[in-house]
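Colleague: Encoded as structure tokens, here's the structure I'll be asking about.
The values are calculated or read from the model by the stated rules, or taken from the named source; none is laboratory data. Nothing here was measured: the structure is a model prediction, and the numbers come from that model. Please note: Cβ atoms are built from the backbone with ideal geometry, for glycine as well, and neighbour counts cover all protein chains shown. Heads up: the accessible areas ignore ligands, DNA and RNA and are worked out on the full protein's heavy atoms, side chains in. Shrake-Rupley method; radii C 1.70, N 1.55, O 1.52, S 1.80 Å.
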Amino acid sequence: MNTNPHVCPAAISGILDNRVRRWLQDPRKVLVPYVGEGMEVLEVGCGPGFFTGELARLVGEKGKVVAVDLQEEMLRKVREKIRGSGLEGRIVLHRCEEDRLGVSGSFDLVFLFYVVHEVADKRGLFRQLQGLLKDGGVVYLAEPPFEVSGKAFEKTLRIAGEAGLVVVGKPKRFPDKVAVLKKGQKK
Ligand SMILES: C[S@@+](CC[C@H](N)C(=O)[O-])C[C@H]1O[C@@H](n2cnc3c(N)ncnc32)[C@H](O)[C@@H]1O
């Protein structure tokens, strides 16, 4: 069981996957601009899989989604959700450690939705992600409006920059704080 107070507990995962959120943050609308057929996607902090199924649909039969979370209970929820959906073959579920993703490969998209503010060692996370991103690959980072101030978000982007991930866009998606990053130079 997770004991880190900054991490969203699996016991309240229902607030992350419900009809109201689906209406406000339709996963397909969020993902379509960034995900295409055949892509390899790394989703860090997948939680109960609000985005995972749609990611798998969009990458198609030839694509792959590696969905990673700290909490086994979250991964179990995703497993239950995708059982019998025909998407199982495209999704690899992986339990990571707090400071070590333990993933190999190289990815076209790294998807970070409402997770980075829960990570104590952001620098370490971004360094790992820089190494896992394909040249030309993209990181999509969204942080929640209330937990993360504008100042805290800018600090996160600075840390990402020092780890070699530079901001190439800040798409507007009310009410979230969003940035798109690509590989740059490590400092
Ligand atoms: C607020 S939830 C968001 C879940 C999902 N991305 C969504 O938008 O519905 C954050 C998730 O990140 C996970 N998490 C927190 N710290 C993590 C870390 N260091 N590595 C991987 N996952 C982490 C938590 O277990 C939780 O499932």
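Colleague: Suppose R0 equals 45 Å; then what is the FRET efficiency for residue 80 and residue 185 from their Cβ-Cβ distance, rounded to the nearest 0.05?
Modeller: E(calc), rounded to 0.05, equals 0.60.
Colleague: So between residue 162 and residue 94, what do we pick up on full extension, going 0.36 nm a residue minus the alpha carbon distance?
Modeller: Result for the pair: 21.8 nm of gain on full extension.
Colleague: While we're looking at this one, here's another question. Tell me whether region 101-187 comes out rounded, prolate or oblate; compute the Cα gyration tensor, take square roots of the eigenvalues as a ≥ b ≥ c, and use a/c under 1.5 as the rounded threshold.
Modeller: It is prolate, given that a/c is not under 1.5 and a/b is the larger ratio.
Colleague: By the gyration tensor of its Cα atoms, with a ≥ b ≥ c the square roots of the eigenvalues, what is the shape of region 2-52: rounded for a/c under 1.5, prolate for a/b over b/c, or oblate?
Modeller: oblate
Colleague: Give me the one-decimal nm value for the distance between modelled label points at residue 149 and residue 15, 7 Å along each residue's Cα-to-Cβ direction.
Modeller: Result for the modelled spin labels: 2.1 nm.
Colleague: Turning to a different aspect of this structure: If you restrict to DSSP beta bridges whose two residues both lie in the chain, what percentage is antiparallel, to the nearest 5?
Modeller: Just about 35 percent of them are antiparallel.
Colleague: Taking the chain as a Gaussian network, where each spring joins two C-alpha atoms under 10 Å apart, which residue of 106, 149, 13 fluctuates the most?
Modeller: Maximum among the listed residues: 149.
Colleague: Another question about this same structure. Quick check on my link table: of 77/155; 77/183; 64/151; 62/151; 29/182, which ones sit more than 30 Å apart, alpha carbon to alpha carbon?
Modeller: 77/155; 77/183; 64/151; 62/151
Colleague: Report the one residue of 75, 60, 46 whose Cα lies farthest in the direction of the positive end of the charge dipole of region 29-76 (charges on C-beta: Lys and Arg +1, Asp and Glu -1; origin at the Cα centre).
Modeller: After comparing all options, I get 60.
Colleague: Whole Å is fine, so just give me how far the alpha carbon centre of region 116-187 lies from that of region 1-51.
Modeller: Here the two parts' Cα centres lie 17 Å apart.
Colleague: While we're on this one: At 1.4 Å probe size, with the rest of the protein present, what percent of the exposed accessible area of the chain is carbon and sulfur atoms?
Modeller: C and S atoms contribute 52 percent here.
Colleague: Follow-up question, since we're still on this one. Among the DSSP beta bridges whose two residues both lie in region 91-187, what percent are antiparallel, rounded to the nearest 5?
Modeller: Around 60 percent antiparallel, to the nearest 5.
Colleague: Based on Cβ point charges of +1 for Lys and Arg and -1 for Asp and Glu, what charge dipole magnitude is obtained for region 47-187 about its Cα centre, in debye rounded to the nearest 20?
Modeller: I would put it at about 460 debye.
Colleague: Give me, ordered by chain and number, the residues 5 or more places off residue 40 or on other chains with an amide H under 5 Å from its own placed amide H.
Modeller: When sequence neighbours closer than 5 places are left aside, the close amide H contacts are 64, 108, 109.
Colleague: According to a simple spin-label model (label point 7 Å from Cα along Cα-to-Cβ), what is the distance in nm between residue 32 and residue 61?
Modeller: 2.4
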